[in-house]
Amino acid sequence: MTEIILKGCTLTQTGQKIRVQAVVDGCEPIWFELDKQCQSMIDTESVDAFFILYAWLAMERGLDLRVEGRVSRQLADAVTQDIKKMFLTLCPRLHDIDIDVLNPASSWPQSGDTSATGFSGGVDSWYTALQAAENGTPYSYYLFVNTGQHGEDNVKEVFAQRFAVAESALRTMDKPLIAIDSNIDVILRERFQQRVAISNIACALLLQQGISRYDYSSSYTPEDSGVFEHYSMSVMDPYILPLLNTERIRFFSIGDDAGRIEKLEYIASRDLFSNETYVCIEKTIPAINCGCCFKCRRTQLALESIDRMVLLKESFDFSFYKKIRLGSMVGLFSSADDNNLDLEIKNALIKKYGLNLFFVRVLSVVRSLAKKLMPKSIKWRTEQKFPFLW
């Protein structure tokens, strides 16, 4: 087989769940699964949600893509031209292939003027949700998806527990959180971060019969964004999201105008904030912030830098944080030169504490040298025992 043929999709119901699955030759079928209450929102007129994923998959495997199902013309034009080039720039391991869309269409039944965004309970998604509410344009729906961000082991249970955490955090917004499961991470070979935007946007495309605008929470500031080789597709958010528009839904990059500290200050000062954040990258059960991973470390130190430690009482183990505070600070200072998000927090801490951080700065230099010179076996053991240092 030298090509993948995307023919269409099927919709089946099992109990309270609806599964939408691609009809495809040449590779495995991708599927989405969600509650049957969302059935009226599901786009069964096109294969847009699958098209963007199979374009990436075909480029991973070096196979041409032939699309026989209906596709939004605007999306078809973007994928076959600019988006394919952007994929190749971002990830040179991909192959330049031929994409043949046989049935592009410009005329579609329009959904209502309804907006949605993703929500995980993290800093970026909270910032997006609260800004919209304050501006008088709250979202009608929030999506919580499984496209690879929940690890490889016990995925179903981790996904369910993280959904429960996000749903609890979102309670102050009084809007539904829609869970969308998928097998995307099983089918695509590249790691989640490499194709994060299209994986998550595919879930929104699936619901374009009920959603006309989707705001995507971006992590990178404009000066850090662009179209270049990188481990994360997130650096391309402002550039790739408008190209994923169709005749029925528009995508917008939100939050790239603010840094981590500015977002935390904004969130902490809003009445609708439930004082619950979940930022952890660890796939543990139960789903709680570990306090050690780089995202937990970054968030805790950022909160300290702006005197918002009260949030830690709900989101983190404050007594544990005090034990690892020095190591966390040394680790962040060491990584700041390679990470603008860490650099922002480092500068805020220096501004707050000044010369009191002299010892931390010395230790961070020592740590950086040790990292370069340390044998891999010792480095691995050290990372396992003291993750907050790395």
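Coordinate-derived values only; no laboratory data. Here the structure is a predicted model, which means the values were calculated and not measured. Ideal geometry is used to build each Cβ from the backbone, glycine not excepted, and the neighbour counts take in all protein chains shown.
Against the longest principal axis of the chain, how steep is helix 155-169, in degrees 0 to 90 to the nearest 10, with axes from Cα atoms?
70 degrees
Provide Rg over Rh for the range 170-241; use the alpha carbon set for both Rg and the Kirkwood Rh (inverse mean inverse pair distance). It would help to have the intermediate numbers written out before the result.
Working: Rg = 14.1 Å, Rh = 14.0 Å.
Rounded to two decimals, Rg over Rh is 1.00.
Can you give the FRET efficiency to the nearest 0.05 for Asn275 and Thr2, using r as the Cβ-Cβ distance and R₀ = 45 Å?
Details: r = 55 Å, r/R0 = 1.23.
The pair Asn275/Thr2 has a calculated efficiency of 0.25.
Give the Rg/Rh ratio for the range 1-154, taking Rg as the radius of gyration of the Cα atoms and Rh as the Kirkwood radius, to two decimals.
Reported Rg/Rh (Cα atoms, Kirkwood Rh): 0.99.
Rounded to the nearest 20 debye, what is the charge dipole size of the range 164-229 about its Cα centre when +1 sits on each Lys and Arg Cβ and -1 on each Asp and Glu Cβ?
Computed charge dipole of the range 164-229: roughly 200 debye.
Pick out, from Thr114, Met59, Phe316, the residue whose Cα sits farthest towards the positive end of the charge dipole of the chain, with +1 on the Cβ of Lys and Arg and -1 on the Cβ of Asp and Glu.
Towards the positive end, the residue furthest out is Phe316.
Return the calculated 222 nm mean residue ellipticity for the chain, to the nearest 500 deg cm²/dmol, obtained by summing -39500 (n - 2.57) across DSSP H runs with n ≥ 4 and dividing by the residue count.
Value at 222 nm, helices only: -12000 deg cm²/dmol.
Ordered by packing density, taken as the mean number of other Cβ atoms within 10 Å over each peptide's residues, highest first, how do 55-65, 132-142, 335-345 rank?
Peptide ranking by packing, descending: 55-65, 335-345, 132-142.
Rounded to the nearest 10 degrees, what's the angle between the helix 340-353 long axis and the longest principal axis of the chain, both from Cα atoms, 0 to 90?
That helix lies at roughly 30 degrees to the long axis.
Taking the 0 to 90 degree range and rounding to the nearest ten, how far is the long axis of helix 376-385 tilted relative to the main principal axis of the chain, both from C-alpha atoms?
80 degrees
For Ala179, enumerate residues with amide H under 5 Å from its amide H, sequence gap 5+ or separate chain, H modeled in the peptide plane.
Amide H neighbours of Ala179, under 5 Å, 5+ apart: Asp35, Phe144.
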